[in-house]
Every structure is written in structure tokens, then in C-alpha cells.
1. Given the Cα-Cα distance of Ala231 and Arg101 and 0.36 nm per residue of separation, how much length would full extension add, in nm?
2. For every other residue with a beta carbon closer than 15 angstrom to the beta carbon of Pro207, add +1 if it is Lys or Arg and -1 if Asp or Glu, then tell me the sum.
3. His110 label point, 7 Å along Cα→Cβ, cut-off 17 Å on backbone N: hits in the range 214-232?
4. For an R0 of 22 angstrom, estimate the FRET efficiency from the Cβ-Cβ distance between Glu396 and Asp327 and round to the nearest 0.05.
5. Among Leu50, Leu344, rank each residue by its count of other Cβ atoms within 10 Å, from fewest to most, as a rough exposure measure.
6. Once you have the Cα-Cα distance between Arg166 and Tyr264, take 0.36 nm times their residue separation minus that, and quote the gain in nm to one decimal.
7. Taking the Cβ of Thr412 as the centre, find all other residues whose Cβ is under 14 Å away and add up their charges (Lys, Arg: +1; Asp, Glu: -1).
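What follows is calculated from the coordinates using simple rules that are stated; it is not laboratory data. Just so you know, these numbers come straight off a predicted model, no measurement behind them. Reconstructed Cβ throughout: ideal geometry from the backbone, glycine too, with neighbour counts over all protein chains shown.
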Amino acid sequence: MSASVAVASADWSGPGAKDRKNRLFSWHALLWSLVFPPKRHRISPTVPGLFLMMLAMGIGTAAYNTASNILFITLSLLLACLLLSGLLSWFNFMGVCWRIRPPGPWRAGHETLVAVEVQNRKQWLPSYGLWFELMTQPRRPPAGDKPAEAMKVREILAAIDKLVTRGRVFMRERLEAQGETTLEWGVKPTQRGAAVVELSAVGSLFPFGFLKKNIGVALRHPVLVWPAQVAYTWTGAVAAPAGSSGRRTARAGTGDDLLALRKYERGDSHRLIHWKASARLGQLMLRQFAAESHDGYLLRLDTPAGVWTRPGQFELLCSFAGTMAEDLYAAGRLRGVSVNGGPLIDTRRLRDVEAFLDELALLEPVGEGGGVPPSFPRVGGTPPPASKNTITFVPEGARGVAAYVDGHQTATA
């Protein structure tokens, strides 16, 4: 139980993420935190704040020279306003914690939402006007046409900055004590591969806008970006029959193998009712049988570095293979996939296709430093057999990619 609580508390970040039961309150610690803020806590004046400080200095000089009580009272009000702004800003962040929840995996070219969950663990005081600065960037920049050794430092920094996407989400309404809210940030990744979503800072101008309080967070979350979907032309290859008896697929059909049970709906055939299961569950249950497929394709993807020498063409290959695998699975005609002579992955479930897309997201040309990382789990244990209806991919020209089935061209992208 203690281990689960520790994991749950470690999932949150911010001033309110610490366990209050283990903290001892002392005025000395409170005053010390006000004079010397914790690490990554910064308070900087804004333009109105700088104007207020200059005005206070001018009024203070005039009050000292003229010995006017009214000017001294005005100076004290201005300084009290600055002090009150800092105290209220400190109370605004106290007891607030946050975390990010990026849904994964992502797909290049498609917009996705990153959820920022915020909790206010104070007993009485609400929080106002917080904003959250987020950014996403690939873990490893993709290889460009120009080698890194031939690039200047300024060019390298500019190329990296192009791959970084930054954004800011605002908490428009106040967050009540013991309340929580969820903010969403829309981001569209442009490159496949492993990426990182980072919550870099949390800031606020509360209450008067004279001081800006900023807390550096550096809260990171890894994500995986699938290849983008591309349009391709199918020239019309017909799959050869797999046999008279066919093969069973994990989708509903009219075969002989029982796939699953589901609730009875109006219009279903009474012959499919499973009476024993219905009596045991107290409601009508229907039998669903596996579909019988007489044709299908094996998708084999080989990426030797000597063949796929252009980075743009290789990215098109990954997108083409992923899109074709999804389309064939949706049509019930994908029997399995294999990458670089690896074991055959039987695509019986949607999760098998998603595992193939995960592999495509990390795929590199086979050579020095290429291939799938050793930590990536392989599914299956048999090498891809030499059979009919095997789809292979080859470069077509300088930019295109062609798919062949048993030596005949069947699709181009």
C-alpha cells in the first residue's frame, strides 16, 4: 500500500505534490522561503511593475526632499502594493500540483491533445490565472541531407529549433480549494519516431500584474509518433487462394470456430443463442463465430541501407507500409507482417497492427547504427515463410516507392 501511494505522489509535480503529513511547519522556514525562493522559482517584474518601481523611487526622492507626509503615505502605499502582490502570488501557487497526460501513440500529421491535470490541495484558498508552457521535440533529430560535421553551430541550433513545438495553455477560471481541472493543448507532430512532451514552466501574473511568478518544472513524458498516412495507388493485384478450407481470422463471421459471446439484440437469429450461457448470466447471449478468409497478404519490409539511401524516400516507405497494413487489416486481408527478416507477426488483433506501427516509428535503415533498437519487443517466433501473396517494397525513381506482390507491381506511392 505504501509503495502505491509513493508512486501516486511521485506522479504529480508542484508545490502541493509533497505530503503534508511529513512536513513540519515553522515560521523560520516560511520566512526563509519568502526571502530565498526554492530552486527554479523566479519572480520578475513586468513592465507595469517596473513603472511602479520607478514611480515609487521618484515619489520617495520627492518626499525626502520636501518632508511631505502625503508623499510618504503615497510611497508606503506603493511599496505595500508591491509587497502584497508578491505575497498573494506566493499563496496562489501554494498547494497546487500538476501532471501531464499525453495520449499515445501519436501519428505524424494528425493533431492530438495533451492533457494537463491540475489540482488545488489548499483547504480554503482558490487559485487564479495560471498558465502552463509546454513543448514537444524528437528525442533524436532526423538525419538531414547535409552532414552535421559540415554545418555551423548556428545552423545546427536553427535546425533543432525547427523541430521544437511550443505552446501555452491558460487556466481561464479560478480553481476552487480541493478542486481539480484539466487543460488541453493541441499539437500536430511532423516527424515519426520517439518524442518527448515537456511541461517546462508554470507561471502567473496574479493578482495585479506587477510581478510575474514563474516555476520551472521540466516534467517530461515520452511518446511514440507513428508514420503519417499517405495516399497510394492500388493497381489491382488479386491474392491467390490460400486453400479450400481457408484460415480463421479474429473477426466476426460465419465460420465454425467460436470467437466470442455478446448480448442478444433485436433482429438477431434465434439459432445463435447460447442457452447455457444465457441461463447462467440471466440474459440472452449470442454466439459469434470467426470469419473464414480464403485470401490474404503477407507484408515483408526490408530496409537495407544500400538501397534506401535517401531520407525522404525512406520516410515515404514507412508511411506507405503502415498505411497499407492498416487498409489490408480493415479489409480482413492482412495475414502477417515481417520487418528485416524478423519473426512473422500474425495480425489477428488490432494490437498486432499497432505493434507493427510501433516498430515502424523506430525503424532505421539496416546498417551501422540502423535497424530496430534491441530493446524493442518482437512478437512471434517463426521466420517469415516463403509463400505466395507476399508484398515487398522497392524504391521507384528518386522519390517514389513501389509495392510488389510475387514479382508484379501492385501499388505505388
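1. 43.7 nm
2. Charge balance near Pro207 sits at +3.
3. Only 223-232 pass the distance filter.
4. Taking R0 as 22 Å, the efficiency between Glu396 and Asp327 is 0.70.
5. Leu50, Leu344
6. The Arg166-Tyr264 span can extend by a further 30.3 nm.
7. Surrounding charge for Thr412 is 0.
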